[in-house]
Every structure is written in structure tokens, then in C-alpha cells.
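So the structure is just underneath, and the comments pick up after that.
The values are calculated or read from the model by the stated rules, or taken from the named source; none is laboratory data. Just so it is clear, the structure is predicted and the values come from calculations on it, not from any experiment. Every residue, glycine among them, receives a Cβ derived from its backbone with ideal geometry; neighbour counts consider all protein chains shown. Ligands, DNA and RNA are stripped out before the accessible areas are found, and what is left, the full protein with its side chains, is counted by its heavy atoms. Shrake-Rupley method; radii C 1.70, N 1.55, O 1.52, S 1.80 Å.
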Amino acid sequence: VLGYLGPNGAGKTTTIRLLLGLIEPTAGSATIFDLDVQRYAPEVHRRLAYVPGEVSLWPSLTGSETLALLGRVHGRVDLAYRDELIARFDFDPAKKVRSYSKGNRQKLNLIAALMTRADLLILDEPTSGLDPLMEQIFRECIAEGKKTGQTVFLSSHILSEVEALCD
């Protein structure tokens, strides 16, 4: 678990966008899984899951529909683990996304990423909007992922979060 710590505006999200191949560097290059992220974005993306700092979802879909859509896009979902995550995060997937609080939208994004059991999780301010109990559930999920061999790139401006989670 790698912590990427810095104050707001330091460029953490820009770095993540570069790593995801969403923006091009003005110089140099970035690789993930020994693949250039610009040239081999589809191959890289098959093995990672991303939680953005700013949550943008489809307001007319339900939580279940959103999880199904994101699972299809990713191509790999552990359905039993998805159901376990829904219970652990105390998330109601039957509601429309438009009715969710910021914290529930964040839970939805976390569940969507974690349910893929991707080799690499790229998490940008992942606990934004979560209450302390849900932050603890999140920390447990990251610790479990680490034990099963997942790599986590965690961007945060919260020192205590990085200290608690990162190697």
C-alpha cells in the first residue's frame, strides 16, 4: 500500500490522471505492469480499478444498476464479495443514485472498485464523505486486499489516513 500524500492542490489528482493515461505528460512517461500507460491503456485498465476524488455517477440508475454497469465495463466482478461489501458498508443498492448522500455515492464507488479484486487499486481521496465507522470498514477492506496480493496507490491529504493504511 503506497501512500501519495500532499496538500490540496499539490498535483496528486494530476499524477493519477497521468497514470491512468487520461492526460498526456509534457515530458517523460509512466508505466504500470511494465506497460506504458499511454500506449497500452486498455491492457493496463483491465488490471486496475480506480476511485476518483470527485464522484460523478448516473443519477437515474439505482445503486445495483450502477454496480452492474461498472462491473461489465471492468469485465471482472466477484459477485459474492460485492454482496459482502454491500452489507459491510451498510449500502442500500435499491435507491436511485440521485438520492444518495455524498458518503453513499463514495461507498458505491468503493464497492465498485473493490468488487473487481483488481491487481491495482488507484484511490484518490477514497474516504471523502465517509463517516468514521465507514472509514474503519474501508481500512479493513484495504488490509484484506493487501493480504491477498493487491497493490494499492492511495492519494490523500490526511496524514493519519496514510499512516494507518500505508506501508
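In this simple spin-label model, placing a label point 7 Å from the Cα along the Cα-to-Cβ direction at both S64 and N8 gives a separation of 3.8 nm. Near I16, once Lys and Arg are set to +1 and Asp and Glu to -1 for all other residues with Cβ below 15 Å from its Cβ, the sum equals -2.
What's the FRET efficiency of D83 with S56 using the Cβ-Cβ distance as r and R₀ = 22 Å, to the nearest 0.05? Using R0 = 22 Å, I get an efficiency of 0.30.
Rolling a 1.4 Å probe over the protein heavy atoms of segment 75-167, with every protein chain left in place, gives an accessible area that is 52 percent carbon and sulfur.
In what sequence, highest mean first, do 107-117, 150-160 appear when ranked by Cβ atoms within 10 angstrom? If you can, show how the numbers build up before the last one.
Working: 107-117: 24.2, 150-160: 17.5.
Averaged packing, sorted descending, gives the order 107-117, 150-160.
Between E24 and D90, the modelled label-to-label distance comes to 4.8 nm, taking each label 7 Å out from Cα in the direction of the beta carbon.
Net charge near L114: determine it from the other residues with C-beta under 14 Å of the C-beta of L114, scoring Lys and Arg +1 and Asp and Glu -1. All intermediate terms of the calculation are to be shown ahead of the outcome.
On the way: positive: R76, R82, R88, K107, R117, R139, K146, K147; negative: D78, D83, E84, D119, E140, E144.
The answer is +2.
Under 12 Å from the 7 Å Cα→Cβ point of D119, by amide nitrogen: which residues of segment 1-33? Only 32-33 fall inside the zone, counting backbone N under 12 Å. Remark: the chain carries 53 Å² of accessible area per residue (probe radius 1.4 Å; ligands, DNA and RNA excluded). Taking the Cβ of P59 as the centre, find all other residues whose Cβ is under 13 Å away and add up their charges (Lys, Arg: +1; Asp, Glu: -1). Taking every other residue near P59 into account, the sum is +3.
Distance between the modelled labels on A164 and D34, one decimal in nanometres: 3.7 nm (7 Å Cα→Cβ projection). Please compute the Cα-Cα pair-distance distribution of the chain with 10 Å bins starting at 0, giving whole percents from short to long. In whole percents, the pair-distance histogram is 10, 39, 38, 12, 1.
Students often forget the sequence filter, so: which lysines lie under 28 Å Cα-Cα from K12 once same-chain residues fewer than 8 apart are removed? By straight Cα distance, K12 reaches K102, K107, K146, K147. From helices alone, the chain scores -12500 deg cm²/dmol at 222 nm; the rule is -39500 (n - 2.57) for each run of n ≥ 4 DSSP H residues, then divide by the residue total.
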